[in-house]
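Single-structure report; data block below.
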Amino acid sequence: MSLDRARERSRVDPPAAESVVPRRGRGTELILLLFAIGIATFAYINVDLGALGRVPPNALGYLGGLALATGVAHVVIRIRAPYADPVILPIVVTLCGLGLAMIHRLDLADDTSHATAQLTWMGVGVALFVAVLIFVRDHRILSRLPYLAGLTGLVLLMLPLLPVIGHSVRGARIWINVGSMTFQPGEAAKIILIIAFAAYLVQKRDALALAGRRFLGVDLPRARDLGPILLVWLGGLGILIVQNDLGPSVLLFGIFVLMIYVATERISWIFLGLLLILAGGLGANAVVGHVAERVDTWLDPFADPTGQIAQSLYGLAYGGVVGTGLGQGRPDLIPIAESDFIAAALGEELGLTGLVAIILFYALLASRGLRSALLLRDPFGKLLAAGLAAGFFLQVFIVLGGVTKLIPLTGLTTPFMSLGGSSLVMNWVLVALLIRLSDAARRPVPSSSPSASSDTAQTQVVRIR
Amino acid sequence: MNSPIRRISAGCLLLCVALLINITYVQAFWADELNARPENRRVLLDEYSRERGPILLADDTPIARSVPDDSEFEFQRQYPQGPMYAPLTGYYSRFYGRTGLERAQNDILSGEDDRLFVRRLIDMATGEEPKGGAVKLTVQPAAQEAAYEGLEGYKGAVVAIDIETGAILAAANRPSYDPNAIATHDFDEQTAAKNDLDSDEDQPALNRAFAQRLPPGSVFKLVTAAAALESGEYEPDSEVPGPAQYDLPLSDKPLGNYFEGACGPGGTTTLIEALRISCNTAFAHIGNELGHDALLDQAERFGFNTQPLTDSDMNAATSVFPDDASEPETAYSAIGQFEVAATPLQIAMVSAAIANDGVLMDPYLIREVRGPDLVSPIEQTEPEELTEAVSSETAEQLTDMMVEVVDDGTGENAQIEGIDVAGKTGTAETGREDEPPYAWFTSFAPADEPRVAVAVVIEEAPDTAREDIGGGALAAPIARDVMEAVLGS
């Protein structure tokens, strides 16, 4: 909507657009970051106040660590991506801060020390974030080797199946051991595969957009173009069956379908994708007991009152509208609250109010990515930004919807909040890419076009259809 | 490519809205139901880890309180006086729930009550642990102790009422039980105590004072006498027939007195005399003369057929005067038999109304509800008139008649030196062969300026010979002790 209005405005009044000085928004970003660090530190202190009635002794150290990591990221953005969207980093820091506070809160209840590890992983994440911004100066270099990227992604996905290094946690074989450390290579594979999809689809989209037979008013793709989607579908099913993990397969396939739709502008791909998901789900249901079990738990979470969904719902209900206050609920009663169910723990202690804020943060982050996708001028960038942003929000929806009994539960991490290094680090990489893309989207075009300021860049977008 | 990107954005927005609607439903609308689910440990743990408010007597002595404890529940509920107040307090048990005031006043004690809402908001803002409010009773420790001591060795109950306000000053029961044993966190001990309580045939958990309905026998003659005086056809010295046996209309079975012979020379007596010696035949005759409707009306004006103590939700039993009765049944009703059944509380209300110039006050047990600071009052009970049971003239006449009973009649055991006591005995047939009767006594004092009304019932007195069981012998001394305890304080 706003886009159309902007287009209209520029048509009526082009000279005004010309005079606008490109706004980089780095000052805005700094102020928002101060708020983000403030919220994160306050939440951390609040946990101790609520649970133990004292200010944590390491509050200053915590504040320092957070501020340092954030400061480095901000400075690198100033240097390497000065036109980047100023809202992205503050949202990420806030989400990380809330996640850290909740992990710390669960540490207090369970007598563990995950928060320190998580903070360290955040440091690693920021380091990779910086590395991506420094080494990927233009996102278009990512499109050069689509098949290699695809292969790398597949290899990463398969790593946990290898005999020595791969192992299972809670039935899902998605982990590898390297020395004493464990990783979920699937997190990295997801990003690399999105890059590969984008690069591949940009090359092949003309062919894929060709219409085949018309069925029920929808142009179906030609049968011979179905290869790629079937391949990814089979891959997803493979992950599901071999690794016994529903979440990543649904997510990966979903992202691919969305990207193929963006690339070809043919809605039929979406229908086809949904059909394939349905078929795959029903098929998997027959083969893998796991899936039926998930659906049963979803339909009747109280059949096992100690089960995750029941406990999650109890936690959410107990929190009510305003929550119990950090440190004052019983989120430790929810099984694995620190990873998959961290949203339920947050919903309990921050209430509906807090959870709504968190969901809106995620939505805002995704909308910033999608906005970059609209603003970007190259098809690969558009496709990549859309894939990353929509895939990110799809993941948020799958995990939060599962935790709150909107949809059956599937194993996925809550971005930036769940305990776990791989997920946290790779989401920082994802954000680095979004920053890079938004920088490209908002950066004024060097010469030719007079109306190429960031504010009116929308006017340049050419509708293909 | 922008059009699909926009559509996808709209799709993301849709997913976002779905998430928001869903959590709003769960956390704002479904929450109460989820919290109420029995297997939801969170609510249980929360309830137990919160400092539950105390139950206090009129002088602020706690009869139930929560003390800090090392267990995962953080607090242990204690009942310092144990059995003496058990039928009032009830127990607060993790596995067996709540009874008595612990149940009836749970919202206040746990801090969940709407009247504590503002306090909860403040606690939420300041991060203070929420605490429950206090419930302060009207019960006076001296009166309760006298009543409980007096019942020793018997199965029975005592109720004492403040005449002017209707406040309940004592409500004692025997046998009783120790609520501490059921409130303990030790599962085995708790189960054993509960099993003992459930299997005891004497029903120690029953609050006899409020909930045990028994035939009132002769104490009901107060109601019949009141109806007679109110009808205008009788005066205290009106002559009434009082033969040795009253020939029931429509029946072959004669109705006799508790004692041998007639109630006066030539089979006639006066109303005042009939009450003094508790003459069955005279009251059976009066009952039939007045008719069932007049008796029903009078009984209802004293509170029969209406549940008392509904404000405090104490599950008090409704005393019964039958809706419908034939003539012989009416004769039996007039002397408190047939289907007439009353709780000790109801009988105390009859005395209290007579003492209060005929005005029946609504009895109440909870004097005040206080906030979690245990000082600031949230709600106070205001004394409330229920009905005018009898005219003040009738009340005066009944008082004089009851004074006669204690001065020189069946209730001599209730005499207090230097104070005029008004009373009435009752010895009610249980309706079962070979079972000793129920011994009743109700009274109030001082007769000229009444302050306290008492009702006592002894259901069983195992150590007393059957012929010695009677209201005057067993129940009157207890009533005297309770009245003395109240008047002495």
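The values are calculated or read from the model by the stated rules, or taken from the named source; none is laboratory data. If you're wondering where the values come from, they're calculated on a predicted model, not measured in any experiment. Don't worry about glycine lacking a Cβ; one is built from the backbone with ideal geometry, like all the others, and counts go over all protein chains shown. Please note that ligands, DNA and RNA were not included when accessible areas were found on the heavy atoms of the full protein model with its side chains. Shrake-Rupley method; radii C 1.70, N 1.55, O 1.52, S 1.80 Å.
Before I look further, what does the protein assembly as shown give for accessible area per residue, probe 1.4 Å, in whole square angstrom?
Here the residues of the protein assembly as shown average 41 Å² of exposed surface.
List the residues, sorted by chain then number, that are 5 or more residues from residue B:451 or on another chain and whose placed amide H is less than 5 Å from its amide H.
B:445
Test of understanding: what is the full-extension gain from residue A:155 to residue A:140, defined as 0.36 nm times their sequence separation minus their Cα-Cα distance?
3.1 nm
Length gain on complete extension for the stretch residue A:147 to residue A:203, per 0.36 nm per residue less the alpha carbon to alpha carbon distance? Show your work: numbers first, answer last.
Numbers: separation 56, 0.36 × 56 = 20.16 nm, distance 1.14 nm.
Computed gain between residue A:147 and residue A:203 is 19.0 nm.
Bin by bin, in steps of 10 Å, what percent of the Cα pairs in segment A:123-173 do you find, going until the bin that has the longest distance?
20, 28, 36, 16, 0
Could you give me the ³J(HN,Hα) list for segment A:54-69, computed from phi with Karplus coefficients 6.51, -1.76, 1.60 and θ = phi - 60°, whole Hz, x at Gly and Pro?
Calculated HN-Hα couplings, in order: 9, 7, x, x, 9, 4, 5, x, 4, 4, x, x, 5, 5, 5, 4 Hz.
Chains A and B: how much accessible area gets covered up at their contact, both sides added, probe 1.4 Å, in Å² to the nearest hundred?
Summing both chains' loss of accessible area gives about 4000 Å².
Subtracting the Cα-Cα distance from 0.36 nm times the residue separation, let me have the gained length for residue B:463 to residue B:376 in nm, one decimal.
Separation in residues times 0.36 nm, less the Cα-Cα distance, equals 26.5 nm.
Bin width 20 Å, alpha-carbon pairs only: give the P(r) of chain B as whole percents, running from 0 to the bin holding the largest distance.
23, 46, 21, 7, 2, 0
Tally Lys/Arg at +1 and Asp/Glu at -1 over every other residue whose Cβ is under 13 Å from the Cβ of residue A:99; what's the total?
Value of the local net charge: -3.
Within 10 Å of each Cβ in A:406-417, how many Cβ atoms from other chains are there, averaged over the peptide?
Partner Cβ neighbours, averaged per residue: 1.
Residue-wise, which Karplus ³J(HN,Hα) couplings in Hz belong to segment A:35-43, taking 6.51 cos²θ - 1.76 cosθ + 1.60, θ = phi - 60°, and x for glycine or proline?
In residue order, the calculated couplings are 4, 4, 5, x, 4, 4, 5, 4, 4 Hz.
Just to be sure I follow the rule: in the protein assembly as shown, considering lysines 8 or more places apart or on different chains, how many pairs have Cα atoms under 22 Å apart?
Count of close lysine pairs: 7.
With a cap of 13 neighbouring Cβ atoms within 10 Å, and only residues DSSP puts in a loop, list the GluC sites (Glu not before Pro) found in segment B:403-489.
B:417, B:433
Nothing charged except the Cβ atoms of Lys and Arg (+1) and of Asp and Glu (-1): what's the magnitude of the dipole of the protein assembly as shown about its Cα centre? Round to the nearest 20 debye.
13260
Do any cysteines of chain B lack a neighbour Cys whose Cβ is under 4.7 Å away, and which are they?
Those would be B:12, B:16, since no other cysteine Cβ in chain B comes under 4.7 Å of theirs.
Other chains' Cβ within 10 Å of B:38-47 residues: what's the mean? Could the numbers behind the result be given before it?
Working: counts 1, 5, 10, 6, 13, 4, 0, 3, 5, 0.
Counting Cβ atoms of other protein chains within 10 Å of each residue's Cβ and averaging gives 5.
What is the distance in Å between the Cα centroid of segment B:62-117 and that of segment A:415-436?
Computed from Cα coordinates, the inter-centre distance equals 50 Å.
Which cross-chain or sequence-distant (5 or more) residues have an amide H under 5 Å from the amide H of residue B:258, H modelled 1.01 Å from N in plane?
HN-HN under 5 Å from residue B:258: B:280.
Using only DSSP helix segments of four residues or longer, with each worth -39500 (n - 2.57), what per-residue ellipticity at 222 nm results for chain B after dividing by its residue count and rounding to 500?
Numbers: 19 runs with 182 residues, N = 489.
That calculation yields -11000 deg cm²/dmol at 222 nm.
Loop only per DSSP, at most 15 neighbouring Cβ atoms within 10 Å: give me the chymotrypsin sites (Phe, Trp or Tyr not before Pro) in segment B:87-171, ordered by residue number.
Answer in residue order: B:95.
Once phi is turned into ³J(HN,Hα) by the Karplus curve 6.51 cos²θ - 1.76 cosθ + 1.60 with θ = phi - 60°, what whole-Hz value does each residue of segment B:174-182 show in order, with x for glycine and proline?
9, x, 10, 8, 9, x, 4, 5, 8
Could you tell me which helices of chain B pass both thresholds, a Cα extent of 27 Å or more along their own axis and a mean Kyte-Doolittle hydropathy of at least 1.0, with helices taken as whole DSSP H runs?
Helices passing the filter in chain B: B:2-24.
Where Lys and Arg each count +1 and Asp and Glu each count -1, what net charge lies around residue A:418 among other residues with Cβ under 13 Å from its Cβ?
Summing Lys and Arg as +1 and Asp and Glu as -1 gives -3.
Can you compute the modelled spin-label distance between residue A:113 and residue B:238, with each label point 7 Å from Cα toward Cβ, in nm?
In this crude spin-label approximation the distance works out to 9.4 nm.
Taking the Cα centre of each part, how many Å lie between segment B:312-334 and segment A:332-395?
Taking the Cα centre of segment A:332-395 as reference, the centre of segment B:312-334 is 70 Å away.
Just to confirm a number: summing +1 for Lys and Arg and -1 for Asp and Glu over residues other than residue B:300 whose beta-carbon lies under 11 angstrom from that of residue B:300, what do you get?
-2
Can you give the mean number of other chain Cβ atoms that lie within 10 Å of the Cβ atoms in peptide A:317-328? Please report the intermediate quantities before stating the final value.
Numbers: counts 15, 9, 4, 7, 4, 3, 2, 3, 4, 1, 1, 5.
Going residue by residue through A:317-328 and averaging, the value is 5.
What's the whole-number percent of alpha carbon pairs in segment B:266-381 lying beyond 25 angstrom?
Tail of P(r) above 25 Å: 36 percent of Cα pairs.
Per-residue counts of other Cβ atoms within 10 Å, averaged by peptide: what ranking do you get for A:427-433, B:139-145, B:62-68, highest first?
A:427-433, B:139-145, B:62-68
Rounded to the nearest percent, how much of the accessible area of chain B (1.4 Å probe, protein heavy atoms only) is carbon and sulfur?
The computed percentage sits at 46.
Taking the inverse of the average 1/r across all pairs of different Cα atoms in the protein assembly as shown, what Kirkwood radius in Å do you get?
33.9
Evaluate segment B:346-489: find the radius of gyration of its Cα atoms, find its Kirkwood radius, and give the ratio Rg to Rh.
Taking Rh as the inverse mean 1/r over Cα pairs, Rg/Rh reads 1.06.
If packing is taken as the average count of other Cβ atoms within 10 Å, what order do A:317-329, B:44-56, A:363-375 fall into, highest mean first?
Peptide ranking by packing, descending: A:363-375, A:317-329, B:44-56.
Could you pull out every residue, at least 5 positions away or on a different chain, whose amide H is within less than 5 Å of the one on residue B:427? Hs are placed 1.01 Å off N in the peptide plane, and Pro or chain starts have none.
Close amide H contacts, sequence-distant or interchain: B:218, B:219, B:440, B:471.
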